[in-house]
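Here's the structure, in structure tokens; my notes come after.
The values are calculated or read from the model by the stated rules, or taken from the named source; none is laboratory data. The model shown is predicted, which means the values in this text are computed figures rather than measured ones. Glycine gets a Cβ as well: all are built from the backbone with ideal geometry, and neighbour counts include every protein chain shown. Remember, those area values only see protein heavy atoms, side chains included, never the ligands or the DNA or RNA. Shrake-Rupley method; radii C 1.70, N 1.55, O 1.52, S 1.80 Å.
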Amino acid sequence: MTRADVAIGGVVAVVFGVMAWQATRMAYGTEFAPGPGFMPLWLGVIGAFLALALAVRARGTTGLPPAEPRAEPRVALSALGIVVVAMAAPVTGLVLALAAYLVFFTLVIERLRLRVGLASSAGTAVLVYLVFERFLNVPFPVGPLGF
Amino acid sequence: MEILGQLGLGFSVALTPQNLAFAFAGALVGTMVGILPGIGPAAGIALLLPVTFGLPPVSSLIMLAGIYYGAMYGGTLTSVLINTPGESASVATTFDGYQMALQGRAGAALGIAAIGSFIAGTLGVVALMLAAPTLADVAVLFGPPEYFALATLGLLTIAGLGGSSATKALLAAVAGLALATIGADPMTGSKRFTFNILELSDGLEFLPVAVGLFGIAEVFANLATPVRLAPIRASLSGLVPTWQDWIVSRGAILRGGLIGFVIGVLPGAGATIASFVAYGVERRVSKHPERFGQGAIEGVAAPESANNAATAGAMVPLLALGIPGSSTTAVLLGAFVLYGLRPGPLLLTEHPDVFWGLIASMYVGNVMLLFLNLPGAPLFASVLRLPYSVIAAGILGISIAGAYSLQNNLFDVWVALAFGVLGYLMKRFDYPAAPLVLALVLGPLLEMSLRQSLTISHGSLAIFVTRTGSAALLAVGLIALAGPALFSLIRRSRNT
């Protein structure tokens, strides 16, 4: 356990608390037949209890799990890139958005050599296009270039 | 005799040219998945699942199962050559496999691993063939309390045995159950936690969740703690074990196979624990335990045999009861459901072609893997020269396209991304993902059986302890949860 578990336990306890509170708005059921609110309520209570227990047990611990320097910004940028893909795909087409993201990922995040990065990005995008759109007939959002 | 007849039906399904090709593809992809650290069989199956849409269900399942057991063969290569297990189930193989490679015996280590895997894997399939129908016959008698107890047993076992902290594992399991409540209530149809989002009306789709947790999260986690592949220059000659190697290893293979199958059947235990137990047992029964860790060939044979037999064992509760015992079998269950099939006692009677076709394909797949892995080892070793970043780009591309293709909807890409980030954070802060996935899959069954049980008993929880089956299963679950903590307490009190 690390000191992060105190914060994680606290946040997760709040989430489960909200879940339990929301569940009280659903029918709990009759005396003999549990309703739709039965399971969420108990899960909320148990989850909040476990999260608090975790936070309490982690009190007094120090440090964080080791990671590469600048790991978090790189993960955040990679995730943000997928957000951009999902938002841009209806306009540019999924394959093009994906190809652009992979170029960004391989060259900026992973810092591959230009040729390797471009080749792997283009290769993956072409593979995705051939397998999903051509072979499986998945109707990807189409952009101005026709794919 | 009846089993032989059914097996004949299975082989008539598995030996069609199309299914042979899919078994081979599964074995090949599984081997690659096993070789590449940072991508496990659960990820491999989740990523390949969208590609199999449109194929006959039995062909798809044959391929996906091939990935599962193929990964156990592939994981050996990295354990031996770079001291980095491709799979958690191959960690124990590094202890002696890498030492053998340093001594110039990498070929012998890989050879005995492939042969041991083949023998134990095949024996495991024989045991699966005998055990699954018997268990399915018993399971026909199960009512809601027994199914609730079974699902609970699965979750408690995986929480107790699955990670460094039982509290974290339990929390992950409760989170998975909570996520399973999203969507329409299974009994009344009323909406729960949908936040007026239409796409959540039927609940969270399993595939984008699995793709996020096992595909995208793995790539993100690798950015934080990169996989460094640096194969040693080892000779891969002498892949066929010598007579002396065989004499030393044969007992280890049989014991490993037996241990692997039994542990594989237990929900939540799986191939990783099986391989460690087999290694430990082998060291204990050896006349020369001091050789272990120094390059003992039986230290490679035992865990490799165990992890292959465990995959067959893990298929027993999945096929006979519809209860997965690990994240990989949970993804496989998700695949069954996507194809409109429900594993469990009725699978045998309603879809015997799928049940027996899958079992027969495992015999065939094990033979294929033996011939793939013995002469193919040098070729597979060359895969390790590929930069992980290139593989990561492939994983991300297939993850995004695969998530989209489920319902041709970008919402599933958002779900995959959300679970990718969640999966990354869970890895970063040491929360196991397996209980969450298992709970997400078992959640609907657990809730339905709990509510049906309480309706039958007029609200009394006593129904779970007054029925022998459910009481026994819950007791085993509690022992599995509390057992590790109790053992360490007892050990500590003995030491003081």
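Looking at segment A:10-24, which of its residues are facing another protein chain (nearest Cβ under 10 Å), open to solvent by 40 Å² or more (accessible area, probe 1.4 Å) and either in contact with a strand residue (DSSP E or B) (Cβ under 9 Å, 6 or more places away or on another chain) or within 21 Å of B:M187 (Cα to Cα) (or both)? Listed by number, the list holds a single entry, A:Q22.
Taken together, B:A309, B:A320 contain a single residue that is farther than 21 Å from B:G477 by Cβ and either assigned to a helix (DSSP H, G or I) or open to solvent by less than 40 Å² (accessible area, probe 1.4 Å) (or both), which is B:A309. Scanning segment B:265-292 for residues that are over 21 Å from B:M72 (Cα atoms) and in contact with a helix residue (DSSP H, G or I) (Cβ under 6 Å, 6 or more places away or on another chain) yields B:R283, B:P289, B:F292. Taking segment B:145-175 as the range and being of a type outside the set (D, E, K, R), in contact (Cβ under 8 Å) with a residue 12 or more places away in the chain and in contact with a Lys or Arg (Cβ under 8 Å, 6 or more places away or on another chain) as the test, only B:P145 passes. Annotation for segment A:25-33: no member residue is within 21 Å of B:A439 (Cα to Cα) and either open to solvent by less than 70 Å² (accessible area, probe 1.4 Å) or of a type in the set (V, I, T) (or both).
Per-residue answers, yes or no, for (1) touching a Cys at 6+ places or on another chain (Cβ under 8 Å); (2) at pLDDT 90 or above; (3) of a type outside the set (G, A, S):
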{"residue": "A:P40", "(1), (2), (3)": "no, yes, yes"}
{"residue": "A:G44", "(1), (2), (3)": "no, yes, no"}
{"residue": "A:G47", "(1), (2), (3)": "no, yes, no"}
{"residue": "A:L54", "(1), (2), (3)": "no, yes, yes"}
{"residue": "A:G60", "(1), (2), (3)": "no, no, no"}
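Here B:L223 meets the list (1) open to solvent by less than 30 Å² (accessible area, probe 1.4 Å); (2) at pLDDT 90 or above almost entirely, failing just condition (2). In segment B:60-89, which residue that is in a helix (DSSP H, G or I) and surrounded by fewer than 23 Cβ atoms within 10 Å (Cβ to Cβ) is nearest to the chain's Cα centre (by Cα)? That would be B:S88.
Give the residue that is surrounded by the most Cβ atoms within 10 Å (Cβ to Cβ), with candidates limited to residues of segment A:81-96 that are more than 10 Å from chain B (Cβ to nearest Cβ) and more than 19 Å from A:L130 (Cα to Cα). Checking each candidate, the answer is A:A88.
Candidates are the residues of segment A:28-72 that are of a type in the set (V, I, T) and in a helix (DSSP H, G or I); the one that is nearest to the other protein chains (Cβ to nearest Cβ) is A:I46. Assess whether A:A99 counts as being of a type in the set (G, A, S), without any contact (Cβ under 8 Å) to a residue 12 or more places away in the chain, open to solvent by 10 Å² or more (accessible area, probe 1.4 Å) and more than 7 Å from chain B (Cβ to nearest Cβ). When the stated conditions are applied, A:A99 does not pass them. Taking segment B:91-194 and the helices (runs of 4 or more DSSP H) fully enclosed by it, the elements with 3 or more residues that are modelled with pLDDT of 90 or more and open to solvent by 10 Å² or more (accessible area, probe 1.4 Å) are at B:106-139, B:144-161, B:166-180.
Only residues that are among the hydroxyl-bearing types (S, T, Y) and under 30 Å from A:A58 (Cα atoms) were counted in segment B:421-458, giving 2.
Scanning segment B:316-337 turns up no residue that is in contact (Cβ under 8 Å) with a residue 24 or more places away in the chain and farther than 30 Å from B:A172 by Cβ. Considering A:V108, A:V75, the condition of being within 7 Å of chain B (Cβ to nearest Cβ), farther than 14 Å from B:I400 by Cβ and of a type in the set (V, I, T) is satisfied by A:V75 alone. Scanning segment A:113-147 for residues that are over 19 Å from A:V103 (Cα atoms) and more than 11 Å from chain B (Cβ to nearest Cβ) turns up A:R134, A:V142, A:P144, A:G146. Highlighted here are the helices (runs of 4 or more DSSP H) found entirely within segment B:407-496 that include at least 1 residues which are surrounded by 14 or more Cβ atoms within 10 Å (Cβ to Cβ) and under 23 Å from the mean Cα position of the chain (by Cα): B:411-428, B:434-456, B:468-495.
Within segment B:335-359, the residues that satisfy the criterion of being in a helix (DSSP H, G or I), over 22 Å from B:G124 (Cα atoms) and open to solvent by 10 Å² or more (accessible area, probe 1.4 Å) are B:V337, B:L338, B:L346, B:T349, B:E350.
Figure legend. Inter-residue proximity from segment B:176-201: first residues without any contact (Cβ under 8 Å) to a residue 24 or more places away in the chain, second residues open to solvent by 70 Å² or more (accessible area, probe 1.4 Å), beta-carbon distance below 8 Å, spacing 6+ or different chains. Indicated pairs: B:G183/B:K191; B:G183/B:D202; B:A184/B:K191; B:A184/B:D202; B:D185/B:K191; B:S201/B:K191. Pairing residues of segment B:208-233 that are at the interface with another protein chain (Cβ under 8 Å from one of its Cβ atoms) and part of a helix (DSSP H, G or I) with residues that are open to solvent by less than 20 Å² (accessible area, probe 1.4 Å) and modelled with pLDDT under 85, at Cβ distances under 7 Å and at least 6 apart in sequence or on separate chains, gives B:L223/A:A71; B:A224/A:A71.
Every listed requirement among (1) under 30 Å from B:V140 (Cβ atoms); (2) not in a helix (DSSP H, G or I) is met by B:M362 save one, (2).
Any residue that is surrounded by 23 or more Cβ atoms within 10 Å (Cβ to Cβ) and touching a helix residue (DSSP H, G or I) at 6+ places or on another chain (Cβ under 9 Å) - is there at least one of those in segment A:134-145?
no
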